[in-house]
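Below: the structure, in structure tokens.
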Amino acid sequence: MTARIGIVVFPGSNRDIDAVNAIEVVGAEPVALWHESATLDGVDAIILPGGFAYGDYLRAGVIARFSPVMRAISAFAADGGLVLGICNGFQVLTEAHLLPGALLRNRGLRFVSRQIRLVPERLDTPFTRAIGKRRPLRMPVAHGEGCFYADAATLDELERDGQVLFRYAHEDGAAADETGDPANPNGSLRAIAGVMNAAGNVAGLMPHPETAVEAILGSDDGLGIIRSFVDSAAARATEGEPLAVGGR
Amino acid sequence: MTMVEPAPRMVEEPLHRRLGVTDDELDAIRDRLGGRDPNDLELAMFSVMWSEHCSYKSSKPLLRTLPTAGQGVVAGPGENAGVISIGDGLAVAFKIESHNHPSAVEPYQGAATGVGGILRDIFTMGARPIAVLDALRFGDPASVRTRHLVDGVVHGVGGYGNCVGVPTVGGELVFDPTYEGNPLVNVMAIGLLEERLLTLAAAPGPGNLAVLFGSTTGRDGIGGASVLASATFTDDDPSKRPSVQIGDPFAEKLLIEASLELIERALVEGLQDLGAGGITCATSETADRAGTGIRIDLDAIPRREPGMEPFEVLISESQERMLAVIRPDRWEQVRAVCDRWGLPVAIIGTVTDDGDITVVEGDRELARIPAAALTSDAIVHARVATPPPHLRSAPAPGAPETPTGGLPERGMDPGAVLLALIGSANLASRRPVFEQYDSTVQANTVAGPGHGAAVLRIKGTTKALVATTDANQSVGALDPWLGAVLSVAEATRNVSITGARPLGVTNCLNYGDPTRPEAFWQLTEAVRGLGDACRALGVPVTGGNVSLYNESSAGAIAPTPEIRVVGRLDDVARLVGPAFVTEGDVIVLVGEATPGLAGSQYAALAGVAVEDRPPSIDLAREVAVQAFVRESAERGLLASAQDVSGGGLAVALAECAIWADDDHGLGARIRLPVANSPAVDLFGESPSRLVVSARPRHIPALVLLARQHGLPVEELGVVGGERLVIELAGAGATGAAEERGSRVADALEVPLAGLRHAWDTGLSRALGWEAS
């Protein structure tokens, strides 16, 4: 069956266009979810897209977490539903405490829009299992507040529990450094580009796999992530397959 | 006759002069009001609408000479944006606007509101904005003021464009001392629409409602500076706030979605954005286009603050506002859409059949002016144009050039010159700037900023749009006709080398004070050049913007005809890029160098006064070059195609090399016959030349095709290796070196790594930015 993927539309979302395109490219059905909606229209999984929800004048994601749709999404996630936050969506998920850590202003203090490479840390999650083999994936970043931050104990915990999903990397796949390395576009601690929750059903990343799904746009390396997500959603919908992956 | 001088006394300037209205213009206003004097409010409305910015009163007679008809043109000059059909029921809307003076005063907000304003021009017509290109021009990159302006403008463009979710896919960044006191910020937006949704800015149907939605109206951006200055002389008066508008990209994003939803659901009869001139401009333009009038109920206009004077409300340039003309029975639906997007909305007036813009407050009529008097029947001035004595008049197209001596070439090391050029502030990579702009949002960007033309695929089709921007101010300063012609030639050529066909031109003419005969002559010559070039190349002018009074205490800017071209590529799979592709491909030069180094980057680098003339252009040759390259692309003969422009052939080859293989680079070995002099052949910027590469088996067909188009064609060398090697061949080379007494070999050999480093770091170095 075709998975129905809910794509949240906050006032100020703008990569919802990209997310809709990516979901269509992999043959699933995108469903717009308005921010004032208290229900989720029975979707199989949810993407929180990029953009500037409610303008983000105060701090990225800080207002969005209070929207009606986020209450519904919290319940959906608590019930094991799959949620993927991309860029602004990642920021919203950390503000809503559905994901650990915080996203600070880029260390360079400037917005950064460029092609980067990221490497999946794990290939056995609902967000990465269709990637195939561990290799650097090329896709764009475009953000002003993408520096992943958590205290050292939390970072140790995330690494120990296998919650680090992606790291920024060089072309050869070597992880980027924390500072002074153009391969790490925002100075994220331990070059972390994406994380998931302990239950393994909520994930967020700053780069844009949904914009890298067609070779004509420079890269289709994002397909593995989008496919993983959609396949996992479909599997959960049809078979009730347990999604959560445990720690390592 | 009296012999008595009037007694000296404090004479206050009459109001009209303080508002920037001349005595002659006041007479013309009386004519249009049936002989009566305007009241103060009416005068304020006229002063804004008859400003150069709104009325084009100096440039209108010139602009009428431009070719505007062309295949597929759905809307041309006079509308908010030009619209051209591209098939499949789709059309492209595009327009350019300047925000020079606001950016000079407050660079962040000036640039940000420039982006906001041009986006509104696009979605007003029913098109979703899909791309922004911005051309920025500043003075010396080492000066404190320039660095402040660059930082503010770049942040402003990014801060606004990134938030509204429209990718910035290209543009220009040019440094020239002439812009030190008067930077240029010219922003272009491109939109895509279903042709059936094309919406015009008209107010038809007496009895219909005028509805204002979006932000509320405040005192920010009150009209011309003259109004501001005249309002009061006390320091603490709120009306002394700067006349720069404040942008709110989040409100703009909501405005885009709400406007497109209103159009999609066919709820509006007409739609107009509020820009310069605010409510006065939007109501008078829409009424005049429909031959109607609008009665404005002043009290109904939602305000941002209490105590605003009627003139402030009517000419406020508060951002992110739209005027919709709707049928009365659709009000509830329109209100529901605006409510959903969280936008204030109010009925502020009614369409009438009397042709007047009437302003009422309660029962009182405050103003009544024929809509036409404010817009289509505004005053037009016949300005005087006089060429400056030290400049020749423009040559007839194709007139032969007199070869003159070039720059001193003694001791010139061509490799060192190439490195200096490609690392110079004007030719180095723009990456440090464009990385601050989201260039990929909306998932259409095939080629973003950095490597020539921007390319955007059109979802659901095989087609792509190609957009370029070029302006040649260096030549424009020497010969404004030629500067405009070269700008059009380069911008269209940059579309053609991708394989796309140029569809239309929009332009932003940045010139000086039109009441100065020399400045007006420059504008006159530029418009003549623009028309000549567009007619020759068969590309219509679908709109544009004229920015005058670009002068500061340091003098006028170099005349800058900013040309933007949008082209259509039918099969995006056939897109040809500028970079070399495969080792072993053969490199071919199409066209030939002609003498003249004036106006070139080489001349600027050498820092010496150049006595000779800039290279001219043969428009028939230019047409042939573009036809040739499009046909070659169509037939699949090309691996790459790059035009020769800033920095000349050597820089073009270096770019093809370092951009290759996803910026990893591919070298080349070149043997260049010297026809003029090493400097002219390597670094001259004569137009109508291309560097193309192709598989060896395609070379015979390519050469034949070039000859069929009457073009000189020369095999230069082969792609490969990790160095760019250019040997100079022929009598002009070795002999010249001996003659110069130069110990430098007549060859240039630079490792790609060195070229790349110079190119990558040049801009950050020039601006004093830390490399990132």
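Since every read-out is calculated from the coordinates, none of them should be taken as a lab result. Please read all numbers here as calculations on a predicted model, not as lab measurements. Note: ideal-geometry Cβ built from the backbone for every residue, glycine included; neighbour counts use all protein chains shown.
A few points about this structure:
- Among A:Lys133, B:Lys95, B:Lys463, B:Lys60, sorting on how many other beta-carbon atoms sit within 10 Å of each Cβ, with the fewest leading, yields A:Lys133, B:Lys60, B:Lys463, B:Lys95.
- For chain B, the convex hull spanned by the alpha carbon atoms encloses 171 Å³ per residue.
- Treating each Cα of the protein assembly as shown as one equal point scatterer and applying the Debye formula with no solvent, the log10 of I(q)/I(0) at q = 0.05, 0.06 Å⁻¹ comes out as -0.32, -0.46.
- Chain lengthening between A:Ala198 and A:Arg114 when straightened (0.36 nm per residue, less Cα-Cα): 27.2 nm
- For chain B, the relative contact order works out to 14 percent when only alpha carbon pairs closer than 8 Å and six or more residues apart are counted.
- Placing pseudo-labels 7 Å out from each Cα toward the beta carbon at B:Asp353 and A:Ala153 gives an inter-label distance of 8.0 nm.
- A:Thr154 sits among other residues whose Cβ lies under 12 Å from its own Cβ, and their net charge, with Lys and Arg +1 and Asp and Glu -1, is -3.
- Scoring B:587-599, B:423-435 by mean Cβ neighbours within 10 Å over their residues and listing the highest first yields B:587-599, B:423-435.
- Positive dipole terminus of the stretch B:100-178, leading residue within B:Leu149, B:Leu173, B:Ala112 (C-beta point charges): B:Ala112
- Bridge type composition, the stretch A:4-239 - antiparallel percent by DSSP, nearest 5: 60
- Nearest-ten-degree value, helix B:648-658 long axis tilted from longest Cα axis of chain B: 90
- Amide hydrogen proximity for B:Ile130: with H placed 1.01 Å from N in the peptide plane, the residues at 5 or more positions away or on another chain lying under 5 Å are B:Ile190, B:Gly191, B:Leu192.
- Subset of A:Lys133/B:Lys459; A:Lys133/B:Lys253; B:Lys57/B:Lys463; B:Lys253/B:Lys463; B:Lys95/B:Lys463 violating a 32 Å alpha-carbon distance limit: A:Lys133/B:Lys253; B:Lys57/B:Lys463
- Rounded if a/c under 1.5, otherwise prolate or oblate - the stretch B:267-325, Cα gyration tensor axes: prolate
- Karplus-derived HN-Hα couplings along the stretch B:274-284 (A = 6.51, B = -1.76, C = 1.60, θ = phi - 60°), whole Hz, x at Gly and Pro: 9, x, 4, x, x, 5, 4, 5, 5, 6, 5
- Look at the dipole of the protein assembly as shown built from charges on Cβ: of A:Val141, A:Ala28, B:Gln272, the Cα furthest out on the positive end belongs to A:Ala28.
- ³J(HN,Hα) computed for each position of the stretch B:45-57 - Karplus, 6.51 cos²θ - 1.76 cosθ + 1.60, integer Hz, glycine/proline x: 5, 4, 4, 6, 6, 9, 5, 4, 4, 8, 9, 6, 5
- Gyration tensor analysis over the Cα atoms of the stretch B:70-154 returns equivalent ellipsoid semi-axes of 32, 12, 10 Å (largest first, whole Å).
- Taking Cα centre as origin and charging only the Cβ of basic (Lys, Arg, +1) and acidic (Asp, Glu, -1) residues, the dipole magnitude of the stretch A:4-239 rounds to 300 debye.
- The distance from the alpha carbon centre of the stretch B:297-357 to that of the stretch A:32-56 is 31 Å, rounded to a whole number.
- Site pair B:Ala675 and B:Arg327 shows an inter-label distance of 6.5 nm when each label is modelled 7 Å from Cα along Cα→Cβ.
- Helix B:480-496 and the longest principal axis of the C-alpha atoms of chain B enclose an angle of approximately 70°.
- Listed peptides B:23-35, B:263-275 by packing density, highest first (mean Cβ within 10 Å): B:263-275, B:23-35
- Label-to-label distance for B:Val105 and B:Val144 is 2.3 nm, based on points extended 7 Å past Cα in the beta-carbon direction.
- Between the stretch A:171-219 and the stretch B:502-540, the Cα center-to-center distance that results, in Å: 47
- Stokes-Einstein D (µm²/s) once Rh is taken as the Kirkwood radius of the stretch B:610-671 over alpha-carbon pairs, at 25 °C in 0.890 mPa s: 176
- Residues A:Asp124, B:Asp297 arranged by fewest to most Cβ contacts within 10 Å: A:Asp124, B:Asp297
- Treating each Cα of the stretch A:4-239 as an identical point scatterer and summing with the Debye formula, the log10 of I(q)/I(0) at q = 0.12 Å⁻¹ comes to -0.57.
- Beta-bridge orientation, the protein assembly as shown: approximately 75 percent antiparallel, per DSSP, counting only bridges with both partners inside.
- Annotation for the stretch B:77-134 versus the stretch A:59-76: alpha-carbon center distance of 33 Å.
- With contributions of -39500 (n - 2.57) from each DSSP H run of at least four residues, the per-residue ellipticity at 222 nm computed over chain B stands at -10000 deg cm²/dmol.
- Compared with the direct C-alpha span, the chain from B:Arg635 to B:Val380 gains 86.8 nm at full extension, assuming 0.36 nm per residue.
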